[in-house]
Amino acid sequence: MKLPLYDELKIKNFNVENLTERFKKARVCESPYYIHIDHIEMDAKEVIKNIEEALKIIGLYPGIPYPLAIITKKAIDYHGKLELFSSKENVTNYFSNLKPKRLKGKEIGLLNKVDALAQKINNLDIYPILESFEEKIRDQRILSKNIAFLSKLEHTNDHIKNIDDELEDE
Amino acid sequence: MGNKLKNDLSGFEEVLDLVNEKKRGQREEKIGAEYDIQSFLELEKERLDKTYSFLIALSKVFNNHSQIKPLLEKSRQEITEKESTVINVLIRERSSILRNLEFLFDSFFPKP
């Protein structure tokens with residue numbers, strides 16, 4: 001068992017099958033990892049798509065509980081769940097600030113608890129939970145738009161009635 | 001500070017804040033470094049605990065007590081009703097707005 005600090009995951013073959021195997025073996029998302037993708041000839045967008053697909057196959061959601069960072073110097077138009085960084089130095093400081101050293105008894109106890117919790121989170125079916133959450137956020141947005149529109153409609157209705165009454169009096 | 005006074009105060013340096021600030025900083029840093037892993041792991045435990053509770057609460061609330069769909073349906077119905085009210089005021093027979101608009105329109109295009 002190791003401290004949840006950033007570690008490199010070296011991958012040569014970015015096929016979905018190979019990625020699935022590697023992610024399972026390295027227990028990705030139970031500890032923070034970063035992957036360099038600039039050394040291969042495959043299109044970066046394709047690589048990211050394959051990584052997302054492999055994670056989905058094994059039911060892991062990037063970033064929950066630990067991040068999976070992609071390191072690339074290429075400018076990619078990507079707005080997905082993975083985190084992209086231009087270099088190893090730019091990855092989230094929180095998981096790279098400490099220097100690993102020999103752990104004491106109390107620290108080992110805490111690390112066991114942290115590891116068990118990370119496994120517990122990974123055993124949850126996170127995709128349906130978060131997808132339903134996203135759907136509810138979309139619905140909530142539509143609802144607030146509808147409420148705003150209703151209030152405008154109410155205002156317009158009153159305004160038209162007033163004009164109609166005034167013109168009637170004339 | 002004179003040497004004589006220094007000798008008189010020897011043993012009370014810490015109480016009188018006469019200890020070298022640099023040395024004190026180094027010692028505090030060393031004490032901090034001893035506990036940084038423990039504090040990191042305690043924070044991690046708390047964070048993961050909260051993440052787990054959040055995900056469990058999310059799934060329970062949304063599966064059992066979601067009110068969004070009926071509220072959305074109700075808001076759609078109200079919009080349709082309000083729209084028809086506005087339109088009814090405008091298009092009802094002998095509506096003064098319509099009559100005035102008709103008058104305005106006709107004034108631009110006089111009948112031959």
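Some values worked out for this structure:
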read-out: Pairs with Cβ under 6 Å, 6+ apart, first in segment B:52-71 and under 10 Å from A:Ile129 (Cα atoms), second of a type in the set (S, T, N, Q); value: B:Phe62/A:Ser132
read-out: Test: B:Gly32 is modelled with pLDDT under 75, assigned to a helix (DSSP H, G or I), of a type outside the set (D, E, K, R) and surrounded by fewer than 12 Cβ atoms within 10 Å (Cβ to Cβ); value: yes
read-out: Single match in A:Ile142, A:Ile126 (criterion: within 7 Å of chain B (Cβ to nearest Cβ), surrounded by 12 or more Cβ atoms within 10 Å (Cβ to Cβ) and without any contact (Cβ under 8 Å) to a residue 40 or more places away in the chain); value: A:Ile142
read-out: Test result for A:Ile160, buried (at least 16 other Cβ atoms within 10 Å of the Cβ) and either more than 9 Å from every other protein chain (Cβ to nearest Cβ) or of a type outside the set (Asp, Glu) (or both); value: yes
read-out: Tally of residues being without any contact (Cβ under 8 Å) to a residue 40 or more places away in the chain, surrounded by 13 or more Cβ atoms within 10 Å (Cβ to Cβ) and within 20 Å of A:Met42 (Cβ to Cβ) across segment A:10-25; value: 8
read-out: Where B:Leu43 falls short, out of the listed (1) modelled with pLDDT under 65; (2) part of a helix (DSSP H, G or I); value: (1)
read-out: Extreme residue, modelled with the highest pLDDT, among residues of segment B:62-104 that are more than 7 Å from chain A (Cβ to nearest Cβ) and not in a helix (DSSP H, G or I); value: B:Gln67
read-out: Subset of segment A:1-28 [within 19 Å of the chain's Cα centre (by Cα), part of a loop (DSSP other than H, G, I, E, B) and among the β-branched types (Val, Ile, Thr)]; value: A:Val28
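Conditions (1) surrounded by fewer than 14 Cβ atoms within 10 Å (Cβ to Cβ); (2) within 30 Å of B:Ser59 (Cβ to Cβ); (3) within 14 Å of chain B (Cβ to nearest Cβ); (4) of a type in the set (Gly, Ala, Ser), marked per residue:
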residue: A:Thr72; (1), (2), (3), (4): no, no, no, no
residue: A:Ala75; (1), (2), (3), (4): yes, no, no, yes
residue: A:Glu83; (1), (2), (3), (4): no, yes, no, no
residue: A:Asn97; (1), (2), (3), (4): yes, no, yes, no
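Residues are listed down the side, and each one gets a yes or a no for (1) modelled with pLDDT under 90; (2) of a type in the set (A, V, I, L, M); (3) out of contact with any Ser or Thr (no Cβ under 8 Å at 6 or more places or on another chain):
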residue	(1), (2), (3)
A:Lys73	yes, no, no
A:Tyr78	yes, no, yes
A:Val91	yes, yes, yes
A:Val114	no, yes, yes
A:Glu166	yes, no, yes
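The values are calculated or read from the model by the stated rules, or taken from the named source; none is laboratory data. Quick caveat, the model's predicted, so the values are computed rather than measured. Here the Cβ is made from the backbone with ideal geometry for all residues, glycine too, and neighbour counts use every protein chain on show.
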